[in-house]
Amino acid sequence: MKTSTPKKPEAAEEVAFPVARVAVPSKMTAAVLYGSEDLRIEMIDVPHLAADEVLLRVRLALTDGTDLKVWKRGYHAKMIQPPAVFGHEVVGDIAAVGKRVDARWRIGMRVVAANSAPCLRCYHCRRGQENLCEDLLFNNGAYAEYMRIPGRIAMENMLEVPHSVDDGSAALVEPLACVLRGIHEMEVRNGDTAAVIGCGPIGLTFVRMLSRRGVRVIALARRSAPLDVARRLGAIATINVTETNDVVASVKILTDDLRGPDSVVEAAGSPATWQQALAMVRRGGVVNFFSGLPSGTNVSIDPAAIHYSEIKLISPFHHTPRFIREALEAIRRGDILGRDFVTEEIRLTDLPQAFERMKSRSGEIKLAVRP
């Protein structure tokens, strides 16, 4: 596994900076995570490149729920170990390339790079389950002036951004790809009703993309502000769960014959909302446990209710190269726009204070960080 760190690698394969239109400095400003809620703005070395790697000058990076969790915990078992520069929703300009980088990548091109790439050789990759790759390569480092893109990501999961797409929208590619794959696994139909539990950035993305597919969306959240956004993004009804005695009944009453929604997306991340999702879905429906829960969490369910109602349970994880491409195309079409999600633009130096604010849920959806 390869992550961006503030330390210079002991031995890069090769350093091969071509002549760039804008000179690449030796030092850069970056947000370095040292541990739980310990984020420091520092001057560190610009990453050195191996022969197959690309260096981006970061134009914009977006905050998200995963980064907030990483900041709180101080690490991510699969993606990042401190001390390290983190952040992964990014759009940037190519500033330098290694000498073995594919010729299609040129200095100055504006690109989005996903936060991972599969090996394409293992058992799961051969079965079209690249998100479960046995050697899934992760990459972080977007909260900095420059970011190194490993060769495998540059080859499989980096795309040029169309001129018509703004930076804020382009940086949504990675989370949108995860959502599009989740919707694909749900097998929704035009005219279906879906409930989305949780209206953080991911839940709101589900609201938008499901409604674009002709699905009637009922959005549930604990605060009024994200519910207002959900209505603007296409939800036909919203429920403030803090003002509702029986959440399940409140959802079912909005469905035909009180049978419940055809599908439920659990995007809140608690055992209670997992149970609510199972209780409200109709017989023969689909529950998408998208948020996941920490290892060791137990959720009490009634197996008979699942079996005799033939409820399909899915829990999509991550994205694949196919959905990275579909996400950029959806953004190019205007299906989703950065301005619907970005609530504020901040400087990189303001990021530690921004995470403190986000911890208290002060109304942010996503923050745009410009180094």
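The values are calculated or read from the model by the stated rules, or taken from the named source; none is laboratory data. Treat the numbers as computed from the prediction; the structure is a model and nothing was measured. When we count neighbours, we look across all protein chains shown, and the Cβ atoms used for this are built from the backbone with ideal geometry, even at glycine.
A quick yes/no check of all residues on (1) surrounded by 14 or more Cβ atoms within 10 Å (Cβ to Cβ); (2) touching a strand residue (DSSP E or B) at 6+ places or on another chain (Cβ under 6 Å); (3) at positive phi:
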site	(1), (2), (3)
T320	yes, no, no
F323	yes, no, no
R333	no, no, no
L337	yes, no, no
T343	yes, no, no
T349	no, yes, no
P352	yes, yes, no
M358	yes, no, no
G363	no, no, yes
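Of the residues that sit in the range 312-371 and are aliphatic (A, V, I, L, M) and in a loop (DSSP other than H, G, I, E, B), which one is modelled with the lowest pLDDT?
Among those residues, the one meeting the criterion is I365.
Can you name the residue in the range 237-262 that is part of a loop (DSSP other than H, G, I, E, B) and out of contact with any helix residue (DSSP H, G or I) (no Cβ under 8 Å at 6 or more places or on another chain) and, of all such residues, is surrounded by the fewest Cβ atoms within 10 Å (Cβ to Cβ)?
Of the residues in the range 237-262, the ones part of a loop (DSSP other than H, G, I, E, B) are 244-246, 253-255, 259-262.
If we keep only those that are out of contact with any helix residue (DSSP H, G or I) (no Cβ under 8 Å at 6 or more places or on another chain) as well, we get 245-246, 253-255, 262.
On the way: N245: 6, D246: 9, I253: 10, L254: 16, T255: 18, D262: 23.
In this case the residue turns out to be N245.
Limited to the range 99-136, what total is found for residues that are over 22 Å from the mean Cα position of the chain (by Cα) and surrounded by 23 or more Cβ atoms within 10 Å (Cβ to Cβ)?
Number satisfying all stated conditions: 1.
In the range 43-78, what residues are of a type in the set (D, E, K, R), within 24 Å of M155 (Cβ to Cβ) and not in a loop (DSSP other than H, G, I, E, B)? Steps first, answer last, please.
Let us first name the residues in the range 43-78 that are of a type in the set (D, E, K, R), namely 45, 52-53, 57, 59, 64, 67, 69, 72-73, 78.
The next check asks that each one be within 24 Å of M155 (Cβ to Cβ); those that pass are 52-53, 57, 59, 78.
R57, R59 - these are the residues of the range 43-78 that are of a type in the set (D, E, K, R), within 24 Å of M155 (Cβ to Cβ) and not in a loop (DSSP other than H, G, I, E, B).
Only one residue in D192, D228, D257, D246 is touching a Pro at 6+ places or on another chain (Cβ under 9 Å) and either at pLDDT 95 or above or within 27 Å of P294 (Cβ to Cβ) (or both). Which one?
Result of the check over D192, D228, D257, D246: D192.
I'm trying to understand the selection: among the residues of the range 279-326, which are under 12 Å from G182 (Cα atoms) and in contact (Cβ under 8 Å) with a residue 40 or more places away in the chain?
V286, N288, F290, S291, I314, P316, F317, H318, H319, T320, F323
Output the number of the condition that T273 fails; it satisfies all remaining conditions of (1) touching a residue at least 40 places away in the same chain (Cβ under 8 Å); (2) in the same structural domain as F206 (by TED's automatic domain parsing); (3) part of a loop (DSSP other than H, G, I, E, B).
For T273, the exception is condition (3).
Just to verify a result, which residue in the range 79-95, among those that are part of a strand (DSSP E or B) and without any contact (Cβ under 8 Å) to a residue 60 or more places away in the chain, is nearest to the chain's Cα centre (by Cα)? Quick ask: steps written out before the conclusion?
So in the range 79-95, the residues part of a strand (DSSP E or B) come out as 80, 84-85, 89-95.
Subset that is without any contact (Cβ under 8 Å) to a residue 60 or more places away in the chain: 92-94.
On the way: G92: 17, D93: 21, I94: 22 Å.
Residue satisfying both the conditions and the ranking: G92.
With respect to the numbered conditions (1) of a type outside the set (D, E); (2) in a helix (DSSP H, G or I); (3) touching a residue at least 24 places away in the same chain (Cβ under 8 Å), which one is the sole condition not fulfilled by H124?
(3)
V265 fails exactly one of the following numbered conditions: (1) over 23 Å from D335 (Cβ atoms); (2) outside any loop (DSSP other than H, G, I, E, B); (3) touching a strand residue (DSSP E or B) at 6+ places or on another chain (Cβ under 9 Å). What is the number of that condition?
With respect to (1) over 23 Å from D335 (Cβ atoms); (2) outside any loop (DSSP other than H, G, I, E, B); (3) touching a strand residue (DSSP E or B) at 6+ places or on another chain (Cβ under 9 Å), V265 is out only on (1).
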